[in-house]
Every structure is written in structure tokens, then in C-alpha cells.
1. Under 5 Å between amide H atoms, partner at least 5 residues away or on a different chain: which partners does A182 have, H built in plane at 1.01 Å?
2. Which order do the peptides 16-22, 91-97 take when ranked by the mean count of other beta-carbon atoms within 10 Å per residue, highest first?
3. Between the range 52-69 and the range 90-117, how many Å separate their Cα centres?
4. Tally up the carbon and sulfur contribution to the accessible surface of the range 2-226 as a whole percent, 1.4 Å probe, everything protein left in place.
5. Beyond 25 Å between alpha-carbons counts as too far, so tell me which of K60/K175; K60/K148; K60/K117; K107/K148; K119/K211; K107/K175 fall in that bin.
6. Measuring from label point to label point, each 7 Å out along Cα→Cβ, what is the V180 to K148 span in nm?
7. Hey, what did the chain get for relative contact order, percent, Cα under 8 Å, at least 6 apart?
8. When you count, for each residue, the other Cβ atoms within 10 Å and take the mean per peptide, how do 146-154, 171-179 rank with the highest first?
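The values are calculated or read from the model by the stated rules, or taken from the named source; none is laboratory data. Everything numeric in this text was worked out from a predicted model, so none of it was measured. Cβ sites come from the backbone with ideal geometry, for glycine too, and all protein chains shown count toward neighbours. SASA here: full protein model, heavy atoms, side chains in, ligands and nucleic acids out. Shrake-Rupley method; radii C 1.70, N 1.55, O 1.52, S 1.80 Å.
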Amino acid sequence: MAAHLDNLGDTLRSIRAAPRTIELLRDLHTQALTESPYLSVDSQPQSAALDRFVALEPDKCALVYLLLRANGARFVVEAGTSFGVSTIYLALAVSQNASVQNTTQGKVIATENEPTKAKRAREHWSAAGDPIQDWIELREGDLRETLKVDMPETIDFLLLDIWSVLALPTLLVVKPRLRVGAMVVVDNYSASREGYRDLTSYLGDPKNGFKSITTPFQGGLHVAVYLG
Ligand SMILES: C[S@@+](CC[C@H](N)C(=O)[O-])C[C@H]1O[C@@H](n2cnc3c(N)ncnc32)[C@H](O)[C@@H]1O
């Protein structure tokens, strides 16, 4: 955690964003990194996460931003939004990809089932300045239901930053819309190995069309690419 704080300035230089957005991210990450840790598979009840960011670490957020820029992603689903920190990176990348592709089409579908968290997320997106909030559609409620309707025809990127038991059900809802080359990034893949057992079997089964690798970020950040 101390290393993340020490490196925060360098990490934030990995992304292209307005000074106001960078300052907000610096503040939000600092708050997130100094809260007590929470891992969904440990002995704490999920209610313990209600007033916590449980946010993706800054280096993972920066990597996700760069993957999105490299992939040209414009239609992104975020499973698990909390206070909306990682969502800001997704929205930055989508807006910038849309700009270089000369289109206004693109969105981040964010998901959160805790109303108090959804409210905080909206406040942060508003504070982040233009164009962040215009690119985000927050769906409140259980994502296993909210992601079933009104989805983009194709999805370029899925961030699974959700309790591990929900990861495979979420992927199964989104999978029919993944384009070839779409990426699925899963946080805490090694730390929550047991919880991800069903997801691991699914991603490893050749008939499902994925190739993937676990990168050595804190807790293991899994990166899967849908090859069709
Ligand atoms: C790890 S946090 C997400 C952190 C966020 N990606 C970030 O980096 O700032 C996971 C979030 O998923 C939410 N969540 C859990 N179950 C859910 C469900 N069934 N539908 C929607 N959201 C859910 C939790 O309330 C929690 O805020």
C-alpha cells in the first residue's frame, strides 16, 4: 500500500487526463489506499465493504486504461463500480477512443447494487469534470438483471471487479456480445483462486474461445482475450 502511494505520481502520468481529473484521482486513490483492506473471500461480511472504496489499485487502473486505448474500446462493461474510481479511467479511455475514431458512439456501463455507493460514484464523476459523466451509464441493482437488457450490440471490454462468486454469471450474460479481440480483466484472480474456480474452468475450456494469462499485479490481475 505504501508503495502504491509512493508511486502514485508516476502511475498517474501513465494516463492522459485533464489536471482536474488527475487531482481528483490522486485524492480518491489516496483515500482508497489508506482504508482498511477488504477481500470478499475473507471472514468479513459484505456489509463491511459498504463504506469502503474497495477500489482497484492505481497501477491496475492505469493498465486497464492503456489496454482500452490499445484496443480502441468504445463499449465497456464494468462489473462492480463502488465509488466509481476505476470507472473514471474507463470513461477517459472510451471518450478518447471515440474522439480518435471520429464518433460520438461509445459508453461505459457501470453497475452497482448499493444505492449509497452509486450516489458517491455519481458525485465523483461530476467532480472529475467533462467529459467523464457523459460517457457513463450507471445501472443500479443486481447486475445479473441490469445487464440483461438494452445492451450495446457488441462489447469491447469487460472489467470484472466484483465478488468472485458473481464473476462467471456476469461473464455469461455479457459473452454473447463480446467481439473477437474483446478483453476481460479480472481482479484478485490469484488471491481469490478458490472463488474463481468456476471462472477458471470456463476460461480454460477451448470451446469457450478465450486465451488468458494472470499478470503479477497485487493479488493477480487476470487478462483474458476472446479469440472467438
Ligand atoms: C470491488 S468493488 C468495485 C470497485 C470499483 N471497480 C473501483 O475500482 O472503484 C465491487 C462492487 O460491486 C458491488 N456489487 C456486489 N454485488 C453486486 C451485484 N449483484 N450487482 C451490482 N453490484 C454489486 C459492491 O457493492 C461493490 O461496491
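1. Sorted by chain and number, the residues that satisfy this are Y226.
2. Final packing ranking: 91-97, 16-22.
3. The distance from the Cα centre of the range 52-69 to that of the range 90-117 comes to 14 Å.
4. Details: 5210 of 10070 Å².
Summing carbon and sulfur atoms, their accessible area is 52 percent of the total for the range 2-226.
5. Working: K60/K175 23 Å; K60/K148 27 Å; K60/K117 21 Å; K107/K148 16 Å; K119/K211 36 Å; K107/K175 17 Å.
Pairs exceeding the cut-off: K60/K148; K119/K211.
6. Going from the V180 label point to the K148 one covers 3.1 nm.
7. Working: 397 pairs, mean separation 37.8, N = 228.
The value is 17 percent.
8. Values: 146-154: 13.0, 171-179: 17.4.
Answer by packing, highest mean first, reads 171-179, 146-154.
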